[in-house]
Structures are given as structure tokens and as C-alpha cells.
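Reading through the C-alpha cells given below for one structure.
The values are calculated or read from the model by the stated rules, or taken from the named source; none is laboratory data. This one's a predicted model, so the numbers in the text were calculated from it and none came from an experiment. Cβ sites come from the backbone with ideal geometry, for glycine too, and all protein chains shown count toward neighbours. Surface areas here come from the heavy atoms of the whole protein model, side chains and all, with no ligands, DNA or RNA. Shrake-Rupley method; radii C 1.70, N 1.55, O 1.52, S 1.80 Å.
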Amino acid sequence: MSTEPAQLIQPTPEQEEQGFSGLQGIYERAGGAFVPLAATALAFFIGGLVVLITGHNPVSAYRAMFQGAGFNWFFPWVQGDARTAASGHLQQTLNESIPLMLTALAVAFAFRCGLFNIGGQGQYWIGFLASLWVGTHLNGLNRPAHIALGLLAGILGGAVWGGIAGLLRATVGAHEVITTIMLNWIAIWGGQWLVEQGGPLQGPVAALPRSSLIDQAARLWTVWGTIPGLALHAGIFVALAALVVYYLILGRTTLGFEVRAVGFNPDAARYGGIPVRRSYFLALAIAGAFAGVAGAVNLMGVKYSVDTSDFGSSVAFTGIAVALLGRNKAVGIFFAALLFAGLDTGTSTRALDASIFDPSLATDLATIIQALVIFFVGAELLIIYLWRARRYLRIRPAPREKAVAP
């Protein structure tokens, strides 16, 4: 029997790479859901520690936020006044999720083409203002026609605004991050000028310069609830339809294949005969259409008008976070939008029980959780790099020289 001490067998780099590929394959087959779920759970855990530091019970605080978002409506044992309150909160959560879904699609579609569309806010406002013009100037139309024209105006307005950045990228190579940021400010300041004193869309004089209300026929139908501005409107069907359209375009059309191919490798796509420049233009134009219809839906379903203070909204920037958490997948974006909307609604002074947790603290907590979710999801790439680099950092014993026979 050999008296040599047992030695641990060190895996070769090839074996380690195969092991990593196997784990990666399992991760990909899981639909990429692990990292977003883990990031969300970790963000809520750290948020709970923050609540504990403030002297509150994290479980009670999160329960109050959950109920404030109206998610307890799905529990059949919630009845009576509690169910009525839950339905009102859930309606508001769903309304807030609609523009988040649509602006997230604007980010996700461009990203699948290798583009970072940070101009969703400008595209949102152009769609909003185009729909506002239709709603305030084309009176006398029947309701279906007026709503259809309002939505179409939002789609076209956003597509034109996104298409400008796409055209600049395709023709002169101007980076879309720079051009979309510049277009954001043009849309915001130009929109404020339109509704300010003496502007073309300025309505009756009020404390704040604002536009006129859109015509009743241009307002989306209410599908759940009775309180104007809070009841769930038909824009939820527009958002769901947009998710389906997004999935079908990318997964079932030639255009979607070309967009994804350019996103993977534009040089290889060009070598394969795919018109890369056209893909850049169409990707940003379609992305702008998603953001533009978000503005139209928000106007026709909730706002009905706009004043200068509304231009401080950052809904499309939140849409970037929703797309990131949703992994640019239609289903992921749907649930990520519900999460972010639920955090906003569940921490509002109207929905959160102040005797359990101070709404002012809860609003900051919601921001912390959202930031942590983005951080942990974004750290996935760093984790992969560290996993691959660990075999280079490991100290390996020097190989022993074999004895040479005399």
C-alpha cells in the first residue's frame, strides 16, 4: 500500500470553465429570473435593517406598504371596508405601472439593438403634447375616434423624437446617449413654453400656467373604480398590448431578428447582409413610439391637462430601472413595473397608515430599495467576472519534479 499522503485534485482551468458554463446554462434556462429576485430580496432585507434602525418593526412596515399598494386585494379573506380600500389602492398602483411598463419597453427595445435610449423622458413628453393637441383641438369627434387619434398622435410624436436620435446615429455616428439627453431638454423646455403664459397650448389663467383640459371624448374609459383620476383606466390594456407587441416583434419577425443580431454584433450582422444603419434608426423610432404612447395614455387616462410643474416628472428615468430589473423581457418588465409602482403607492401619505410607519420616512425607504435593486442587478456582471477570475487568483502549488532514473 502506498504511504504517500492523499492529495487534493485541483480542477484544471478547462474543468472550471465547463463548470461555470453549466451553471450559466442552468441560470439561462431559468429565464434569468434568479438575479432580479435575489436582488429584490436583498434590497428589501437591507431596507428592513434601515427600518429597524429608525426604531420601527420592519415586518409591520412592509405589511403596511403591501396593504397601501393594494396587493392584499388578491387575498380572498380581505373583505368589507378593508377590501374596498385595497381596491382603491390597487387601482392607483396599476395606473402608475402603466407608464412605467411603456417607458421601460422604450429602453428595452433599443437595448436589444445595442443602443442605450436615455431619451425616454423627451419622447414621453412629445407624445404627451401631441396627444394634448389632439384632445384640445379636435372637438366634436366621437369617443372611439378621438381616443384612437390621441393614441396615434402620441405614438407618432414619440417615434419622430426617437427617430431623430436614430437618424443621427445611423448617418453621422452621433452617440445616442448624448443626442437623446439633448433631445430630452428640448422637449421639456419646449413643452413648458407651449403651456406658459401666451403659449400656443396655454389654457385659462390659473395659479400655475397650464393647458386646457382635453375634451371628454378624448378621455380613456374607466374599467375599475369610480374616483376620477384614481380609477383604473383602459390604458392598462394599451400597456399589456404593447408588451405583447414587443415580444412578437423581437421574437417572431424579421425586423426583430435583425435588431437582435445588430445588438449582438453589428460587424457580423453587417457581414451577413443586415442593414445596420436602418436597424439603428428603426430601433430608436420604435422605442420612441413606446415612450410616446406612455405620454398619451397618462394624459388621456389620468392627467387630462398639464401645467409647468408637471415637467419635473421622471417617469421615463424610472422606466430605465424597470427595464433593468425586468431583464428587458416582457414578463419581467410587467412584474418590475408593478413592484416600482407598488413602492410608490404603498408609501404615499394617502395609502400608508401613518400610525405604523411615517410616510415621509417610507418615501425615502422606497427610494433606497429601488436604488439597491438597481445596484444589485447591475452588479451581476461584476459577480460573473469575479467568478471567472477566481481561478487566476488562487495560489497553486508548484509542480514537483519527477525523479530521473540514474
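Applying the selection to region 261-271, what residues are touching a helix residue (DSSP H, G or I) at 6+ places or on another chain (Cβ under 7 Å) and open to solvent by 60 Å² or more (accessible area, probe 1.4 Å)? It would help to see each step written out before you state the result.
Going residue by residue through region 261-271, those that are touching a helix residue (DSSP H, G or I) at 6+ places or on another chain (Cβ under 7 Å) are 261-262, 266, 269-270.
Scanning region 261-271 gives a single hit, ARG270.
Which one of TRP73, TRP77 is in contact with a helix residue (DSSP H, G or I) (Cβ under 8 Å, 6 or more places away or on another chain) and surrounded by fewer than 24 Cβ atoms within 10 Å (Cβ to Cβ)?
Values: TRP77 fails: in contact with a helix residue (DSSP H, G or I) (Cβ under 8 Å, 6 or more places away or on another chain).
On inspection, the qualifying residue turns out to be TRP73.
Yes or no, residue by residue, for (1) under 21 Å from GLY203 (Cβ atoms); (2) assigned to a helix (DSSP H, G or I); (3) in contact with a Gly (Cβ under 9 Å, 6 or more places away or on another chain):
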position: LEU115; (1), (2), (3): no, no, yes
position: LEU129; (1), (2), (3): yes, yes, yes
position: GLY135; (1), (2), (3): yes, yes, yes
position: ASN139; (1), (2), (3): yes, no, no
position: PRO144; (1), (2), (3): no, yes, no
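In contact (Cβ under 8 Å) with a residue 12 or more places away in the chain, assigned to a helix (DSSP H, G or I) and open to solvent by 20 Å² or more (accessible area, probe 1.4 Å): which single residue out of ALA38, ALA110, ALA104, ALA86 fits that description?
Values: ALA110 fails: open to solvent by 20 Å² or more (accessible area, probe 1.4 Å); ALA104 fails: open to solvent by 20 Å² or more (accessible area, probe 1.4 Å); ALA86 fails: open to solvent by 20 Å² or more (accessible area, probe 1.4 Å).
That would be ALA38, the only listed residue that is in contact (Cβ under 8 Å) with a residue 12 or more places away in the chain, assigned to a helix (DSSP H, G or I) and open to solvent by 20 Å² or more (accessible area, probe 1.4 Å).
If you scan region 64-82, which residues turn out to be over 14 Å from LEU343 (Cβ atoms) and part of a helix (DSSP H, G or I)? Lay out the reasoning, then the answer.
In the first step, residues of region 64-82 are kept if they are over 14 Å from LEU343 (Cβ atoms); the result is 72-82.
ASN72, TRP73, PHE74, ASP81, ALA82, listed by residue number.
What pairs can you find where one residue is in region 245-273 and over 20 Å from ASN117 (Cβ atoms), the other is part of a helix (DSSP H, G or I) and modelled with pLDDT of 90 or more, and their Cβ atoms are less than 6 Å apart, with a gap of 6+ or different chains?
Final answer for the pair search is ARG270/VAL276.
Between residues in region 360-371 that are part of a helix (DSSP H, G or I) and residues that are hydrophobic (A, V, I, L, M, F, W, C), which pairs lie under 6 Å by C-beta distance while being six or more apart or on different chains?
From region 360-371, the pairs are ALA362/LEU352; ALA366/LEU343; ILE369/ALA43.
Scan region 199-213 and give yes if some residue there is modelled with pLDDT of 90 or more and among the charged types (D, E, K, R), otherwise no.
no
Out of the residues in region 41-62 that are in contact (Cβ under 8 Å) with a residue 12 or more places away in the chain, open to solvent by 40 Å² or more (accessible area, probe 1.4 Å) and assigned to a helix (DSSP H, G or I), which is nearest to ARG327 (Cα to Cα)?
LEU42
Name, by its number, the condition in (1) more than 26 Å from VAL331 (Cα to Cα); (2) assigned to a loop (DSSP other than H, G, I, E, B) that does not hold for LEU220.
Every condition holds for LEU220 apart from (1).
I'd like the full set of residues that are farther than 19 Å from GLY162 by Cα and hydroxyl-bearing (Ser, Thr, Tyr), limited to region 261-303.
TYR271
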